[in-house]
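Structure first, commentary second.
Please treat every number below as a calculation from the coordinates, not as lab data. Nothing here was measured: the structure is a model prediction, and the numbers come from that model. Cβ sites come from the backbone with ideal geometry, for glycine too, and all protein chains shown count toward neighbours.
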Amino acid sequence: MPEKRTGRELPAASAPVHASTPLPESAPTPGPMNPAPSAPSARIPTSRPAASQAPPSIPGAEVGDSLPSVPLQYLKGRGAQFNPKNRFLKNETVREHIESIDDWMIPNPETQYLEETAKGIVNKVDSPDVGMWYSMNPYQGCEHGCTYCYARNVHEYWGYSAGLDFERKIIVKKNAPELLRKFLMNPKWECVPISLSGNTDCYQPAEKKFGITRKLLETCLEFNQPVGMITKNAGILRDKDLLVKMAKRRLVSILVSITSFDEDLRQLMEPRTTTAKQRLRVIRELSAEGVRMGVMLGPMIPGLNEHEMQRIMKAAADQGATFSAYTFIRLNGAIKLIFHDWLYKNFPDRADKVWHLIEASHDGKVNDSRWGVRMRGEGNIAQLVAQQYARYTQKYGLNAEEWELDTTKFMRPGGQIRLF
Ligand code: SF4
């Protein structure tokens, strides 16, 4: 059963970040207006590192960086392997296992769904380099568990860790459809497209259970409210009926995020997403029904998947994608520790090389908050990726046409179509 939560337990919801899109880190900075969460979170005991398993050092480590104990078991089906400290919690509760017995392993419990009575569902996005103004996210946290996910850091604002908590403690905004209706009924709302999945994937496994995304789409269709969507889950095909209706009114545009055709890599890097093959099926089935479909290559990681760019773009175009976007890996906040830990455990043979290539693409660091640069990187490798992207975009006819969602049909029930 889902666990009940009340809004009082949580800090104010923030403007979201999408994980795999060129999206902002626009959650509020804790301060007088946006107090950081003060409730301590119980941290699951970490495994005792074996004597021979000294944690690797972090190349380019900064003050405050520290690696966790190395678990004796790898948690299959999870991206992060530990819970890094929440930057905003003053206190932290750690359950120490004082008996020191041999079965002191990190547990891998089922995903928890935490029902939240949200105060709002549509968030304004302030970052200038993300290509969206508003977004809505029915779920916070994402069970897909992509190791590089930018949205992990946002989980800290909710009082949780960006690591395992992000993929195991999913906040469910059950009242999201009512909130959206109220929002759209407000006469002050001047229709512009809203990004559905601006921060986390709205078709993550929770959607099968709760169906909130479908209800949001129904509301958008009723109001003729246009939406942009992005997903890594073939579960979106369940809503084909609604999406086709919206497409006929030019109310929807969808990016399917594909990062690799290497199934071994996907299982490690994006453990609970659907396969690239299934994601291509999404592009094929929806584009065949007239839905505008695109492919998102996010993120490109030098030494891991950047060499697959051409193959992914070609395959997506062959299946009916007409537009594309990409991001270059950056490792801000807690993602730096999570990704480093994951990289060195899974790819010890090339981890150093990958890490240094990422550093070389962000002015000697792996994190990057510079607007305009952060999503693309800089330097030789990032430039090469950008050049390849431009070349293949042209070669496969992606982004060839100007296309916009239609905001002119927006209408409140019982009202008139907006006049321009
Ligand atoms: S699918 Fe989920 S975990 Fe993966 S990048 Fe998107 S929001 Fe993050």
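Worth pointing out:
- Anchor Lys365: lysines whose Cα lies under 22 Å away (excluding residues fewer than 8 positions away in-chain): Lys85, Lys336, Lys345, Lys353
- Each label point was placed 7 Å from the Cα along the Cα-to-Cβ direction; for Gln112 and Ala386 their separation is 4.4 nm.
- Candidate lysines for bridging to Lys395, where Cα separation is under 29 Å - those fewer than 8 sequence places away on the same chain excluded: Lys232, Lys248, Lys277, Lys314
- At most 14 other Cβ within 10 Å, DSSP loop - chymotrypsin sites (Phe, Trp or Tyr not before Pro), the stretch 288-393: Trp371
- Taking the stretch 287-401 and dividing mean pair separation by its residue count, relative contact order in percent (alpha carbons under 8 Å, at least six apart): 32 percent
- Spin-label model, Arg249 to Asp363: label points 7 Å out along the Cα-to-beta-carbon direction sit 4.5 nm apart.
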